[in-house]
Amino acid sequence: MRRHSLSRRLISSVLLVELIFAVAIIALAAAYERHAHLRSFDIMLQGRADSLLGAVQDAEDPADNVMLDRTGLQLPAQDVYEVRDSSGRLLGRSANWQGPDMHNLAAGDGPIYNARINGHHYRVLALHGLRVVDPGDKGGGTPRRILVVYGAPTAQVWHQVRNAIIFFSLSNLVLLIVTGVLMAWLLHRGLAPMRQLAAEAENISIHRWSFQAPESAAETRELAPLASALTGAMQRLEASFSQQRRFVSDAAHELKTAVAVVKSSLQLLAMRQRTTEEYAAGVEVSLADCERMEDIVARMLTLARAEHSSGAERLSGIFDLAVSAVATTQQFQSMAEVRFVKLTVTASEPAFVSLSSEECALLCSNLLLNALQHSPPQTQVKMQLQTETNRAELRVEDQGDGIDAALLPHVFERFSRGDPSRSRNTGGTGLGLAICKAIVEKASGTIALKSEPGVGTTAVVRLPVATRPPAGGSQRFDLQTTPSA
C-alpha cells in the first residue's frame, strides 16, 4: 500500500491555491498596467497633437490659407505626424514618414487607433481642429478646419507592461518559495504532538500494555479526542487481557482441583481391597466430581458464546421474559420445597425483549439458583417483573446473609465468590452472574446487585422492550411455594 504524506499534501494544496491566486493577480495587474499606460500614452498623444494644431498659422496670402510653422516644436524623432487642411492640402508631415498618406490610414477608424508604420507598432491619434484666419476682420475672420494625425511607437509602453508583469511574477514566485519553506517548518512543528503520540503508541507490545498520551497531544484540541480514545482503548484492552489471564488461571485451578479430587478418590479406592459397597460409594463420588467438571466446562462455553456473539446473533430473537420467569419458577419449585424456602413470582404483563427463549430461561434460572443456594430455611425468594413504556425490570430478592460491600464490585467477574467455602458447599462455580451479565449486555441492558449483610440481596435487571408480536395481552402470574413442614 502506497503511503502519502499529509504534510506534502497540505503544502501542495496551499501552494496550488496560492499559485492560482498569483496567476489571477498577475493577469489583473497586467490588464491594469496596460490600461493605465495606454491611457497615459493617449494623453501624451493628445498633448503633442494639440502642439501641432497650435503650430498651424496664417499663411499671409490673399487666399487666407494656413501653414504649419515648426519653429519651436520639439517632437521625438521616432514620432510620425501629418497635418492637412479641410481641402486635403498637406501642410506638413514628419521627415521619417515613408508610405501612404496618414489620413488614409485613419479613414473609418476612431480618434485613436493602432497601426503598423515603418515596420513598427504605433498608436495613432486623429485630431480634428479649427483655426481662424484674420479673426480681427469684419465678420470674425475665415475659419479653416485642420486634421492632425499623430503617431508614436508603443514599444516603450509594452516594455513597461512587461516589466510590471515580470516584477509581479518574480514577487509571487518569491512569495511561493517563502510560503512553502515557512509552511514546511510550521507543519513540522505543528505535527510534533502527532509524531509524539505515534511514537508512544509504537511502544505498546505484548509485554507493555501501558499507554499514556503525551501532554502535547492531550493539550491539542484536534488530537485530544484521539489521544483520549487511544488511552481508553488501551486501558480497556489491558483490563480485558488481565481478565482473560485471570479467567484462564481460575478455570485451570477449578478444573485442576476437580481432577485432583477424582484422582484422590480413585487412588483411595486402589490402596486396598474394598467391599462392593465401598467401591460403589467411591465411584459415585467420582461421578459427582466429573459432573461438576462437566458443569464448569458447559458454563464456560455458555459464557464464551454470550460474550463473543456477533451483531447478527445479538438480534437473533425476541421472547417474552414473563413466560421464562413463570416457567423457571415452576422448575425450581421442588428445590425450594426441599430447602424450606418460599418462592414467588409476579409478572404484571408480557415483556418482550431481544433475547432468545434459551437466553431468557438461562438468565432467570441463574438468578433464581443463586438466590436459592444462599437462602437459609424459612426465608422467601421473590421474582418480580414489571414493564414500563420502553423498559422491562426483573428483580430477584432473597433473604440470605448478603454480600459484603467490598465484594460487590467483583461479583460479576468470572469465578468470583464472596465466600469460597460456602460457594463450594452450595455447588456454585462462580460463573452464574458472569453469564447473566453477558446475556443482559447482549440485549443492551444493565444488571446490578444490591445487598445488605444480614438482610439479603436483590438482583435488578433492566432490559429495553422489543417490538411486540401482534398477539398477547396483559397477564399476571402469582405463584408461590409454601415451606414444607
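What the table shows:
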{"read-out": "Residue identified as open to solvent by less than 50 Å² (accessible area, probe 1.4 Å) and modelled with pLDDT under 70 among 309, 324", "value": "309"}
{"read-out": "Answer from 59, 31, 24, 106 - the residue that is more than 30 Å from residue 187 (Cα to Cα), at pLDDT 90 or above and of a type outside the set (Ser, Thr, Tyr)", "value": "31"}
{"read-out": "Tabulated pairs, the stretch 61-90, first over 29 Å from residue 138 (Cβ atoms), second open to solvent by 90 Å² or more (accessible area, probe 1.4 Å), C-beta under 9 angstrom, 6+ apart or interchain", "value": "77/95; 78/120"}
{"read-out": "Single residue of the stretch 120-141 satisfying the filter (at pLDDT below 90 and among the charged types (D, E, K, R)) that is most open to solvent (accessible area, probe 1.4 Å)", "value": "138"}
{"read-out": "Criterion: in contact with a Leu (Cβ under 6 Å, 6 or more places away or on another chain) and at pLDDT 90 or above - qualifying residue of 411, 460, 396", "value": "396"}
{"read-out": "Filter pass, residue 445 being at pLDDT 90 or above, over 20 Å from residue 330 (Cα atoms) and among the small types (Gly, Ala, Ser)", "value": "yes"}
{"read-out": "When residues of the stretch 26-35 are limited to those that are in contact (Cβ under 8 Å) with a residue 60 or more places away in the chain and out of contact with any Phe, Trp or Tyr (no Cβ under 7 Å at 6 or more places or on another chain), the one farthest from residue 174 (Cα to Cα)", "value": "34"}
{"read-out": "First in the stretch 375-397 and on the phi > 0 side of the Ramachandran plot and in contact (Cβ under 8 Å) with a residue 24 or more places away in the chain, second anywhere and assigned to a loop (DSSP other than H, G, I, E, B) and of a type in the set (A, V, I, L, M, F, W, C), Cβ under 9 Å, 6 or more apart", "value": "378/340"}
{"read-out": "Residues that are touching a strand residue (DSSP E or B) at 6+ places or on another chain (Cβ under 7 Å), among the charged types (D, E, K, R) and surrounded by fewer than 16 Cβ atoms within 10 Å (Cβ to Cβ), drawn from the stretch 142-184", "value": "145"}
{"read-out": "Check on residue 338, of a type in the set (Val, Ile, Thr), modelled with pLDDT of 80 or more and not assigned by TED's automatic domain parsing to the domain that holds residue 395", "value": "no"}
{"read-out": "Qualifying positions in the stretch 44-54 - in contact (Cβ under 8 Å) with a residue 24 or more places away in the chain and either among the charged types (D, E, K, R) or open to solvent by less than 60 Å² (accessible area, probe 1.4 Å) (or both)", "value": "44, 45, 48, 49, 50, 51, 52, 53"}
{"read-out": "Residue count for the stretch 196-230, restricted to those that are within 24 Å of residue 241 (Cβ to Cβ), surrounded by 13 or more Cβ atoms within 10 Å (Cβ to Cβ) and among the β-branched types (Val, Ile, Thr)", "value": "1"}
{"read-out": "Long-range neighbours under 8 Å by Cβ, at least six apart or interchain, first residue over 20 Å from residue 370 (Cβ atoms) and open to solvent by 10 Å² or more (accessible area, probe 1.4 Å) within the stretch 327-355, second among the acidic types (Asp, Glu) and part of a loop (DSSP other than H, G, I, E, B)", "value": "none"}
{"read-out": "Residue within the stretch 421-442 that is closer than 17 Å to residue 375 by Cβ, modelled with pLDDT of 90 or more, open to solvent by 50 Å² or more (accessible area, probe 1.4 Å) and charged (D, E, K, R) present", "value": "no"}
{"read-out": "Hey, residue 239 assigned to a helix (DSSP H, G or I), surrounded by fewer than 16 Cβ atoms within 10 Å (Cβ to Cβ) and over 23 Å from the mean Cα position of the chain (by Cα) or not", "value": "yes"}
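The values are calculated or read from the model by the stated rules, or taken from the named source; none is laboratory data. Bear in mind the structure is a predicted one, so any value in this text is a computation, not a measurement. All Cβ positions, glycine included, derive from the backbone under ideal geometry; neighbour counts span all protein chains shown. Just the protein is used for accessible areas: all its heavy atoms, side chains included, with ligands, DNA and RNA removed. Shrake-Rupley method; radii C 1.70, N 1.55, O 1.52, S 1.80 Å.
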